[in-house]
1. Quick one: compute the contact order of segment 21-84, relative version, from alpha carbon pairs under 8 angstrom and 6+ residues apart, as a percent.
2. Largest first and in whole Å, give the semi-axes of segment 97-198's equivalent ellipsoid, each being the square root of 5 times a Cα gyration tensor eigenvalue.
3. Work out the length of the dipole vector of the chain about its Cα centre, built from +1 on the beta-carbon of each Lys and Arg and -1 on the beta-carbon of each Asp and Glu, and round it to the nearest 20 debye.
4. Rounded to the nearest 10 degrees, what's the angle between the helix 96-106 long axis and the longest principal axis of the chain, both from Cα atoms, 0 to 90?
5. For segment 21-84, just say rounded, prolate or oblate: build the C-alpha gyration tensor, square-root its eigenvalues into a ≥ b ≥ c, call rounded for a/c under 1.5, and beyond that prolate if a/b exceeds b/c, oblate if not.
6. Relative to the longest principal axis of the chain, what angle (0 to 90°, nearest 10) does the C-alpha long axis of helix 33-43 take?
7. I'd like to know which of 76, 91, 52 lies farthest towards the positive end of the charge dipole of segment 4-97, counting +1 on Cβ of Lys and Arg and -1 on Cβ of Asp and Glu.
8. Indicate the gyration tensor shape class of segment 88-152 (rounded, prolate or oblate), computed on the Cα atoms with a ≥ b ≥ c the square roots of the eigenvalues: a/c under 1.5 is rounded; otherwise a/b larger than b/c is prolate and the rest oblate.
Amino acid sequence: MPYELPPLPYDYNALDPYISAKTLEFHHDKHHAAYVTNYNNLIKDSDLADKSIEEVIKATYNDSSKSGIFNNGAQAWNHSFFWNSLKPGGGGAPTGAVAEKIDADLGGYDKFKEEFKKAATTQFGSGWAWLVLDNGTLKIVNSPNAVNPLALGHTPLLTLDVWEHAYYLDYQNKRPDFIDAFINNLLNWDFVNQNLTAA
Ligand code: FE
C-alpha cells in the first residue's frame, strides 16, 4: 500500500536549539520525503503493492533482489518513528511503566543513558540506535543504514537517527553532543510508554 509522509508532530522550530528548524526542514521535507517517494515508486507495480509497509519491511529484509524496496521502506518507517521519539521539553528521567522496566531490565536510568549513548556513538557510519523489546525484555541495540527492529523480530520502542544528515548542520562532526541533547532534552518517554503498552 502506498505510504504517506506524515507531517512533523511539532513545528519546525519546536526543538530549537537542540535540533534547528533548518535541520528539520531538510531532514523531513527532503530526506524523509525522498524515501517515501522512492518506496512508493518501487512497490507500485510489484507483488508487494497491497502489503503494509511493516509487512514489506519484514518480507524484503535479507532479500538482495529487493534491497531498494527494503532500504527505502525501512527508512520511510524509521523516520516516522523517529519524529515521534522526540518532543519539545523531553528528555530526563523516564516515568511510568518504562521507568520500572528500565530498573528491572537495564539496571536503572544511569545505565540506560550510558548504554544508549554507547550504542549511538559506536554505530559506525550511518544508522540508528534503538530501545526495543526482545521477548519481553528491554534491550538497547544499534543498526546500520536502514535496518530496523521489525526486520529482526523485535518490538521498537524508541529510536535515534545517527546518520550525519540528522545532526551535521547543528553539531558538525560532534555526534556525541547530539546524542546528549537527545537523551537530556528531546527524548519522548510518553511515546515509549505508549509503545510498551501496545506491545
Ligand atoms: Fe535521517
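A short reminder: the numbers here are calculations on the coordinates, not readings from a lab. What you are looking at is a predicted structure, and each value in this text was computed from that prediction instead of being measured. Heads up, the Cβs are rebuilt from the backbone with ideal geometry, glycines too, and the neighbour counts pull from every protein chain shown.
1. This gives 40 percent for segment 21-84.
2. Square roots of five times the eigenvalues give 22, 15, 12 Å.
3. Working: 15 positive and 24 negative charges, 58 e Å.
The dipole magnitude comes to about 280 debye.
4. Long axis of 96-106 versus the principal axis of the chain: about 90 degrees.
5. Verdict is prolate for segment 21-84.
6. The answer is roughly 40 degrees.
7. 91
8. Since a/c reaches 1.5 and a/b is larger than b/c, the shape of segment 88-152 is classed as prolate.
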